[in-house]
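Asker: Submitted below is the structure of interest, expressed as structure tokens.
The values are calculated or read from the model by the stated rules, or taken from the named source; none is laboratory data. Worth saying up front: this structure is predicted, and the values here are computed from it rather than measured. Note that each Cβ is placed from the backbone with ideal geometry, even for glycine, and that neighbours are counted across all protein chains shown. Surface accessibility is based on the protein's heavy atoms, side chains included, excluding ligands, DNA and RNA. Shrake-Rupley method; radii C 1.70, N 1.55, O 1.52, S 1.80 Å.
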Amino acid sequence: MCKNYIVKKFLCFFTVIIIIFGSINVNAKENKRIAILYDSYNEYGSEENKLSSIVNIVLSSGSVLDILKVSDYDDRDLSSYDSLVVLYNETCKLPGNIMVDLSKYNRNIIWIGKNFNEFVEYNNIVGIKYEGTLKGKVFLKSGNRRYSIEKEPEISKFKVDAGNIKSEFKYLGTGSETPFFIRYKNTNYFPYFSYNDMSYNILRKQMGKILNNDLPKEEKRYLLIDRVYPFMDLKEFVDKVDFLHDNGITFYCSVMPVYDNTKFDAMKRFAEVLKYAQDKGGRMVLHYSDLFGENIPGDRVDYMMAAGQKNYVDYGVYPLALDIPEAFLCKDDYKNLVTKSDTIFTTKYEKYSVIASKNCSIDSFKNVIEKVNINDNNIENLEQLNCNTALTISSDLSLEAFKKMVTSAIKKNILFNDVSYLDMSLNFNGISLKSSRESIFLNDKSVFEKINVENENNKSKSDKKADKNSVDLTNTNKAILKVTFFICGLFVIITLISFRIDKKKYFK
Amino acid sequence: MNIVDSLIVYSLAVIWVIIFINVVLVVAGYIYYLKTLKFKMKESLEEYPFVSVMVPAHNEDKVIGKTVNSLLNFDYPIDKYEIIVINDNSSDNSAEVLRQIQEENPHRNLIIINTDKVTGGKGKSNALNIGFNASKGEFLAIYDADNTPEKTALKYLLETIVGDSVLGAVIGKFRCRNKNKNLLTRFINIESLAFQWMAQAGRWQLGNLCTIPGTNFIIRRSLIEEMGGWDTKAITEDTEISFRLYRMGYKIKFMPLAVTWEQEPQTLKVWFKQRSRWTKGNIYVVFKNVKYLFLKESGVSRFDLIYYIMIYLFFLSAVVISDTLFLLGLAQIIHVNITGYSIMLWVMAYVVFALSVLVSISVEKGEFSISNFFIILIMYFTYCKLWGIVAAMGFYNFVKDIVFKREVKWYKTERF
């Protein structure tokens, strides 16, 4: 009887454990597939590349992306996509086949820009009409009722019943424009956004929620020294590295590929300086070659960057990711290059942003980090960026200006994340580089010991002085811990003895 | 290394030295406890010297009746001891209560001395001197006015002191009568047990050292005569007399079988006043006796002096400094250049503290319980931290007394 009871207890216990662990989703994460359906990358008369902004947001979610141009739209099965993003920069009539396919689609649609009314009318969504913005006021019609939402500095939420339709309107933003979005069942409508104001952050945040199933994502901020090249002031660069190290900031260096005159002294000195930066908490990223242009084929750029990578590795410098313009992503002949890394640093407003002239597919990336140049104009708003960001300072900036910029960022409560926590990999022609928290691996062998030895030899004067002045209690700590563990063991034994004596006292 | 680093190293070093000293004391105290399990006290003694039991009291009408009745019930020949209650400048009903007890016990050696602000009102030491002058016992046993000693307490104390001529005094154990009243009294109960079994028993085992706790102790009359009575400037006259005894070459033994029960403070306010008074008093005694630290003839009392200096000066300052620096570090106001020490160090300090207190209370019947275990766990972060404030206040008041030449008065503990 007793034995059966014990067996039953164990069975119940293990059943509970199985239920608990069985309910935990242990499926491997599959990359989501997202499609962007767009008419043009910008609004007429505006230089702002809105398509590029949306692409960046989607890639940051770790999704595989298909960019579909409306003018090149062919009948396809949209149901294979986990979410759809529709970007209309121009007012026009929607093609019939697109309308049909969108209406059949029953997962999340994110509609940005114009022509949403057409979609609403086509789908007989009764009563809801968007009438546009008027100096901060938004008017919405639902049946015969008209609602105006006053501009407010905070988010306000309204629930409106209109016949059988229950809709939720959210109003956000404080700009003279009135960015807001409407949610209707599976459709999220953003009438407006601009990269130049906070509406972009709001869009990014909401899209991030939708694309990631409301899972919270922590945005990271990194510091990046941009366009590091052999002919910059090396002494100043070392001082900048020391400054960052003394302030406990780890950083990235976007290094230009060097593939000519690699045996010159200038290259050797440059490599020593980069290794010094590596030792001081820096991680390298391979910048795209300046030879890139419309007429340079992708395999040529690939070849030059591979040569640059090999050169660096030979000198003990380990670039671990790619710094590329977004335009690379949609060019077929550059696909081979961009897939060499699972991490890309992208620049938004360079000459070569995403301008997809036809449909294209972009594979997912593990990490997409947007480069944002720190300057006096944007430093106030940097902490509000809702994406993984590399706050960028050019290597050409003077030491004083560099220090001032970094100090200002810190004072604005920008916390620079530790670069060693971002795992990256880059493979070029048999040279495989991977990074983890513990080390950098070259073809699966750790280069860490090598770095450590060189670290000792390359210690700066301030480091050595700091070593002399700081007190290292490691050995004392270990000794005390050993003794206290022994004491705790002894006390436990004494306590058990006392417990037995105490029991005897009670039963006397 | 800047001043902050130096302070951290100082506080780490001091705290860990004290922790290890206390560990040694706990182990030694436990060894003594195991010895006491084999003690066989006599049912009756060969002879019963005359003992004067003295009870200094000031406004103790709530408790004095119970105390005197307990003293009248000692398992000791009634013609071989006298009870002298010094009702010192009381403004309550103490005199009336005592008179009534005296009337109810006309054949007992119960002497009541009522003083006023002219003849008395100058503190416990002065009251004891008054009682001493009226006493005739070969031995003097002292009890506080809120104590209810067990019947065998006096006999056990006396048996111990007459058994060894080197003993100048013998102290018994005090227990908390109102320990279950609230969380504070439970803290105090654990504290008193830990103090007695660790500091008293441990020190006795290692160096034959103890400190008179002010109540439930017996002392040879001749020694008081030699000392010229109690020091009226001392608030903690018990500590003061302990040091004097050691300098005279005598020892003070801990006899845990002689038990008294006393009422402890039930509110924080009362507790705070009492403890800061003790701290002030002990600081006075330390300052008074520090000159003997470097004299060989001071004997073992030097170790006691060092122990008190370590606790009251170094340890408490280290705790205050480390807590302050911890908070400043959290607020990122200071920067520390010390490497290699981890949070595990503090965790282990806490674990050692908890276990050592647990060991100390495990020797008392019925105290080794789950509830006491949890109380010990929270004690470190609550009750122990209050001691830092108490120490600071005590030191501050001590300095004020010196600067403003304040007279010692009765700062008696409020009774419930």
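Asker: Please work out how much length the chain gains when fully extended from A:Asn196 to A:Phe486, using 0.36 nm per residue of separation minus the C-alpha to C-alpha distance, in nm with one decimal.
Answerer: Details: separation 290, 0.36 × 290 = 104.40 nm, distance 6.31 nm.
Full-extension gain reported as 98.1 nm.
Asker: Pop the C-beta distance of B:Asn208 and B:Ile402 into the FRET formula with R0 = 41 Å and round what comes out to the nearest 0.05.
Answerer: 0.80
Asker: I want to verify the translational diffusion coefficient of chain B in µm²/s; compute it with Stokes-Einstein, Rh as the Kirkwood radius over Cα pairs, at 10 °C and 1.306 mPa s. It would help to have the intermediate numbers written out before the result.
Answerer: Details: Rh = 22.5 Å.
In µm²/s, the coefficient rounds to 71.
Asker: Collect residues whose amide H, placed 1.01 Å from N in the peptide plane, falls under 5 Å from the amide H of A:Phe428; neighbours closer than 5 in sequence don't count.
Answerer: A:Leu433
Asker: Give me the extension gain from B:Asn180 to B:Ser91: residue separation times 0.36 nm, minus the current Cα-Cα distance, reported in nm with one decimal.
Answerer: Numbers: separation 89, 0.36 × 89 = 32.04 nm, distance 3.02 nm.
Full extension of this stretch gives 29.0 nm more.
Asker: Then there is this: How many nm separate the modelled label positions at B:Ala13 and A:Asp239, each set 7 Å beyond the Cα in the direction of the Cβ?
Answerer: Simple spin-label model gives 4.0 nm for this pair.
Asker: Give the residue from B:Phe373, B:Val27, B:Val9 lying farthest towards the positive end of the charge dipole for chain B; charges sit on Cβ (+1 for Lys and Arg, -1 for Asp and Glu) and the dipole is referred to the Cα centre.
Answerer: Of B:Phe373, B:Val27, B:Val9, it is B:Val9.
Asker: Probe radius 1.4 Å, ligands and nucleic acids ignored: give me the carbon and sulfur share of the accessible area of the stretch B:92-236 as a rounded percent.
Answerer: So the carbon and sulfur contribution to the accessible surface is 48 percent.
Asker: Whose amide H sits under 5 Å from the amide H of A:Ile440, counting only residues 5 or more places off or on another chain, with H placed in the peptide plane?
Answerer: Under 5 Å from the amide H of A:Ile440: A:Val447, A:Phe448.
Asker: For the stretch B:1-44, which whole percent of the accessible surface, found with a 1.4 angstrom probe, sits on carbon and sulfur atoms?
Answerer: 72 percent
Asker: Cα-based Rg (one decimal) and Dmax (whole number) for the stretch B:1-81, in Å?
Answerer: Radius of gyration, then largest Cα-Cα span, for the stretch B:1-81: 23.9, 70 Å.
Asker: At 1.002 mPa s and 20 °C, plugging the Kirkwood radius over alpha-carbon pairs of the stretch B:107-146 into Stokes-Einstein gives what diffusion coefficient in µm²/s?
Answerer: It comes out at roughly 187 µm²/s.
Asker: Among DSSP beta bridges whose residues both lie in chain B, state the antiparallel percentage, nearest 5.
Answerer: The antiparallel fraction comes to roughly 30 percent.
Asker: Determine the shape class of the stretch B:34-148: with a ≥ b ≥ c the square roots of the Cα gyration tensor eigenvalues, call it rounded for a/c under 1.5, and otherwise prolate if a/b is greater than b/c, oblate otherwise.
Answerer: Values: a/c = 1.85, a/b = 1.75, b/c = 1.06.
Because a/c hits 1.5 or more and a/b exceeds b/c, the stretch B:34-148 counts as prolate.
Asker: Here is a further query. Loop only per DSSP, at most 13 neighbouring Cβ atoms within 10 Å: give me the trypsin sites (Lys or Arg not before Pro) in the stretch A:395-452, ordered by residue number.
Answerer: Listed in order of number, the matching sites are A:Lys412, A:Arg437.
Asker: Next up: Using r as the Cβ-Cβ distance of B:Thr119 and B:Val347, and R0 as 60 Å, what FRET efficiency do you calculate, to the nearest 0.05?
Answerer: Working from the Cβ atoms, E equals 0.60.
Asker: Something else: For A:Lys403 and A:Lys209, calculate 0.36 nm times their separation in residues minus their Cα-Cα distance, and state this gained length in nm to one decimal. Working shown, then result.
Answerer: Working: separation 194, 0.36 × 194 = 69.84 nm, distance 3.60 nm.
Once the chain is fully extended between A:Lys403 and A:Lys209, it gains 66.2 nm.
Asker: For chain B, return all DSSP H helices satisfying: extent of Cα atoms along own axis at least 20 Å; mean Kyte-Doolittle hydropathy at least 0.5.
Answerer: Long hydrophobic helices here: B:3-36, B:316-330, B:343-362, B:383-404.
Asker: Follow-up question, since we're still on this one. From the P(r) of the stretch B:203-322, can you give the percent of Cα pairs sitting at distances over 24 Å? Show your work: numbers first, answer last.
Answerer: Working: 2281 of 7140 pairs.
Tail of P(r) above 24 Å: 32 percent of Cα pairs.
Asker: If you take the accessible area of B alone, add that of A alone, and subtract the area of the pair, what total do you get in Å², probe 1.4 Å, to the nearest 100?
Answerer: Buried: approximately 2600 Å² between A and B.
Asker: For the pair A:Ile497/A:Met99, report the inter-label distance in nm, with labels modelled 7 Å from Cα in the Cβ direction.
Answerer: 9.2 nm
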